[in-house]
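Structure in structure tokens, see below.
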Amino acid sequence: MIKIIKNRSDIGAGTRGADMGIDAIEIAAINKENDYFFRFKFEDVPTQNNTIYDKVDTPFAKRIKNIVNQCTRVAKAVTDSLVNKMFPLVISGDHSSALGTLSGIKAAYPNKRIGAVWIDAHADLHSPYTSPSGNVHGMPLAAALSINNLECKINTVTKDTEDYWDAMKKIGVDQTKIKADDLVYFGVRDTETPEDTLIERLGIKNYKVEEVRYRGLDIVLKEAINRLKHCDMIYVSFDVDSMDCDLVSYGTGTPVAKGFDPYEVTRIINKFIETDKVVCLELVEVNPLLDHKGNKMAETAFEVLDSVTQTLLKHI
């Protein structure tokens with residue numbers, strides 16, 4: 001019932017190396033003598049990683065033309081899996097892929113209400129108009145929500161950038177992919193003012209690490225699940241930088257301290273799977289080139305993946 005979608009693209013990130021994350025996770029499985037990647041069907045999504053050498057002519061949304069193409073490929077792979085009654089388990093390089101994944105789910109179920117559980121250190125709510133870096137892996141949720149956030153505009157973008165940004169919002173189906181009420185953050189702690197403004201304006205709930213530990217994980221999870229009770233289905237996105245880089249590893253593009261431990265992430269994902277509403281799971285941003293502990297981040301990511309897959313197999 002599970003189909004692994006391997007998306008080795010990292011052109012949305014500011015640091016190279018996340019394209020090797022999938023291979024690092026597979027090596028972690030091999031070293032554990034675990035046949036995980038032999039048990040399920042898989043699809044390799046073609047990439048445009050070679051375009052990293054091209055001149056950047058859209059500085060506030062770097063390589064956005066190619067990212068539109070990449071997200072379109074990911075969306076098609078996800079839609080095809082869902083239409084064929086397979087559970088798409090997406091393993092990607094950088095997090096811009098999530099826009100493709102959400103678009104694929106919406107294309108398969110255009111009349112359904114989709115909830116998103118975003119386990120991440122970052123809000124990924126920037127647009128080309130607000131991004132301080134121009135890295136598109138910080139923009140997938142703004143595209144999914146069809147938000148420009150012009151009230152917080154700091155960049156004057158080109159017509160090409162505007163056109164490609166509009167194209168991002170229309171991948172899969174020409175409609176908003178999720179509502180702000182149906183988005184729940186876990187662990188977001190590294191944001192900029194335009195994102196903070198949006199989170200407050202839209203009333204997006206962010207379960208920060210300190211709140212989860214103070215109130216108790218089970219209590220918070222019960223509340224979060226209730227917040228998404230009106231959703232027909234749920235997408236879970238797990239960025240490994242949601243975990244504490246000092247505890248686990250710096251093997252990710254934008255590591256942030258004071259995050260979750262692997263047990264907490266596993267528990268969060270498992271509880272949502274147990275609702276029987278999860279239709280897609282994605283894991284992103286393992287970067288073995290930045291790992292100061294060998295292959296520790298990939299090994300930890302695989303432990304989480306293997307554990308939640310066992311729960312998943314009981315509920316799909």
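Please find, within the range 183-198, the residue that is nearest to the chain's Cα centre (by Cα) out of those that are surrounded by fewer than 19 Cβ atoms within 10 Å (Cβ to Cβ) and assigned to a helix (DSSP H, G or I).
Asp196
Sticking with this one: So which residues in the range 71-128 are among the aliphatic types (A, V, I, L, M), more than 15 Å from the chain's Cα centre (by Cα) and not in a helix (DSSP H, G or I)?
Within the range 71-128, Met86 is the sole residue that qualifies.
Go through the range 16-33 and report how many residues are farther than 12 Å from Pro288 by Cβ and not small (Gly, Ala, Ser).
Here the count works out to 4.
Out of all the residues in the range 288-305, which are farther than 14 Å from Ile27 by Cβ and either touching a residue at least 60 places away in the same chain (Cβ under 8 Å) or touching a Leu at 6+ places or on another chain (Cβ under 9 Å) (or both)?
Of everything in the range 288-305, those that are farther than 14 Å from Ile27 by Cβ and either touching a residue at least 60 places away in the same chain (Cβ under 8 Å) or touching a Leu at 6+ places or on another chain (Cβ under 9 Å) (or both) turn out to be Leu290, Val304.
Quick check on Val308: is it under 24 Å from Leu221 (Cα atoms) and either free of Cβ contacts under 8 Å to residues at least 24 places away in the same chain or not hydroxyl-bearing (Ser, Thr, Tyr) (or both)?
yes
Give the residue, chosen from Lys153, Lys169, that is in contact (Cβ under 8 Å) with a residue 24 or more places away in the chain and under 21 Å from Ile105 (Cα atoms).
Selected residue: Lys169, the only one of Lys153, Lys169 that is in contact (Cβ under 8 Å) with a residue 24 or more places away in the chain and under 21 Å from Ile105 (Cα atoms).
Additional query: Looking at the range 208-228, is at least one residue closer than 20 Å to Ala144 by Cβ, of a type in the set (Gly, Ala, Ser) and surrounded by 15 or more Cβ atoms within 10 Å (Cβ to Cβ)?
yes
Looking at (1) within 24 Å of Thr254 (Cα to Cα); (2) crowded, with 20+ Cβ neighbours inside 10 Å; (3) not aromatic (Phe, Trp, Tyr), can you tell me which one Gln48 breaks?
Result: Gln48 fails condition (2) only.
Here are some conditions: (1) within 25 Å of Ser103 (Cβ to Cβ); (2) surrounded by 13 or more Cβ atoms within 10 Å (Cβ to Cβ); (3) touching a residue at least 12 places away in the same chain (Cβ under 8 Å); (4) out of contact with any strand residue (DSSP E or B) (no Cβ under 8 Å at 6 or more places or on another chain). Gly203 meets all but one. Which one does it not meet?
The failed condition is (2).
Give Leu290, Leu281, Leu305 a once-over and let me know the one that is out of contact with any Asp or Glu (no Cβ under 8 Å at 6 or more places or on another chain), closer than 21 Å to Val136 by Cβ and surrounded by 17 or more Cβ atoms within 10 Å (Cβ to Cβ).
Leu290
Kindly establish whether Pro255 is touching a helix residue (DSSP H, G or I) at 6+ places or on another chain (Cβ under 8 Å), surrounded by fewer than 20 Cβ atoms within 10 Å (Cβ to Cβ) and under 26 Å from Glu303 (Cβ atoms).
In short, no.
From (1) within 14 Å of the chain's Cα centre (by Cα); (2) of a type in the set (Val, Ile, Thr); (3) in a loop (DSSP other than H, G, I, E, B), pick out the condition that doesn't hold for Val157.
Just one mismatch for Val157, condition (1).
If I ask for residues that are part of a helix (DSSP H, G or I) and not polar (S, T, N, Q), which ones from the range 46-70 would you list?
Passing the criteria: Ile52, Tyr53, Ile64, Lys65, Ile67, Val68.
Also: If you go through the range 164-171 one residue at a time, do you hit one that is surrounded by fewer than 20 Cβ atoms within 10 Å (Cβ to Cβ) and part of a loop (DSSP other than H, G, I, E, B)?
Looking for residues that are surrounded by fewer than 20 Cβ atoms within 10 Å (Cβ to Cβ) and part of a loop (DSSP other than H, G, I, E, B), one finds at least one in the range 164-171, hence yes.
Something else now. In the range 222-252, which residues are of a type in the set (Lys, Arg) and out of contact with any helix residue (DSSP H, G or I) (no Cβ under 9 Å at 6 or more places or on another chain)?
Listed by number, the list holds a single entry, Lys229.
Considering only residues of the range 9-32 that are part of a loop (DSSP other than H, G, I, E, B) and among the β-branched types (Val, Ile, Thr), which is surrounded by the most Cβ atoms within 10 Å (Cβ to Cβ)?
Among them, the one singled out is Ile11.
Mind checking which helices (runs of 4 or more DSSP H) fall wholly inside the range 205-316 and carry at least 3 residues that are over 29 Å from Asp10 (Cβ atoms)?
Correct list: 209-215, 217-227.
Here, each number is a calculation from the coordinates, and none is a lab measurement. All values derive from a computational prediction rather than experimental measurement. Cβ sites come from the backbone with ideal geometry, for glycine too, and all protein chains shown count toward neighbours.
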